Amino acid sequence: EYNDAIFLPIIRDKIRALRPKRKDYYLVYLPSFHPTEIMEKLSLIKDSKWKVFSPFVKDVTRQFNVQIYPIDERLFTRTLENCKGVLCGAGFELPAESIYLKKKLFVIPIKGQYEQLCNCEALKMIGVDYSYDLNVAQLQRWVDSNKIIEKDFPDQTEEIIQKVILEASH
């Protein structure tokens with residue numbers, strides 16, 4: 001909320017309807033990284049289980065503490081609902097939904113994408129953990145921590161619509 005013209009993220013009704021639990025795994029969505037690299041790094045992190053969703057795979061694979069799934073929205077949403085935390089890019093939707101669901105969050109902005117860097121800066125300001133690469137030491141510290149960002153995202157949809165109508169009528 002930088003000024004009055006900027007609203008909090010809109011959280012989809014599907015996400016608002018979830019009843020999150022905290023099971024013993026982390027959700028990973030890093031489509032700018034190849035799953036082999038993700039698997040190599042995350043397998044080094046002690047006492048952790050990872051469910052990775054990747055556009056690069058067609059079948060579920062598993063190695064050590066890392067399972068990799070093809071993109072499947074229903075499974076992804078269920079995994080998000082029940083995960084302990086989320087490791088993802090510094091986009092807008094998934095980090096906002098993760099915070100809304102009170103999940104631990106670690107972001108890695110996609111290289112060369114200015115919007116991702118801006119989002120990362122905003123997330124840093126509220127205390128979200130981040131790195132600019134798959135840094136095993138930083139991820140291990142994050143896994144070992146219990147830091148969850150407490151931020152409420154009330155549904156402001158009607159307020160946004162009214163503001164747009166008012167602005168358009170001037």
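Just so you know, all these numbers are worked out from the coordinates, no wet-lab data involved. Just so you know, these numbers come straight off a predicted model, no measurement behind them. Here Cβ is always computed from backbone atoms with ideal geometry, including for glycine, and neighbour counts include all displayed protein chains.
Structure data summary
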read-out: Spacing of the two label points (7 Å from each Cα toward its C-beta) at F76 and Q140, in nm; value: 3.1
read-out: Three-way shape label, the range 98-170, alpha-carbon gyration tensor, a/c 1.5; value: oblate
read-out: Whether the range 41-107 is rounded, prolate or oblate, judged on the alpha carbon gyration tensor where a/c under 1.5 counts as rounded; value: oblate
read-out: Vicinal HN-Hα couplings computed from phi for the range 65-73 (Karplus, 6.51 cos²θ - 1.76 cosθ + 1.60; Hz; Gly/Pro x); value: 9, 10, 10, 10, 10, x, 5, 8, 4
read-out: The range 27-44 - phi-based ³J(HN,Hα) in whole Hz, Karplus 6.51/-1.76/1.60, Gly and Pro as x; value: 8, 10, 9, 10, x, 8, 10, 6, x, 4, 5, 4, 4, 4, 6, 5, 5, 7
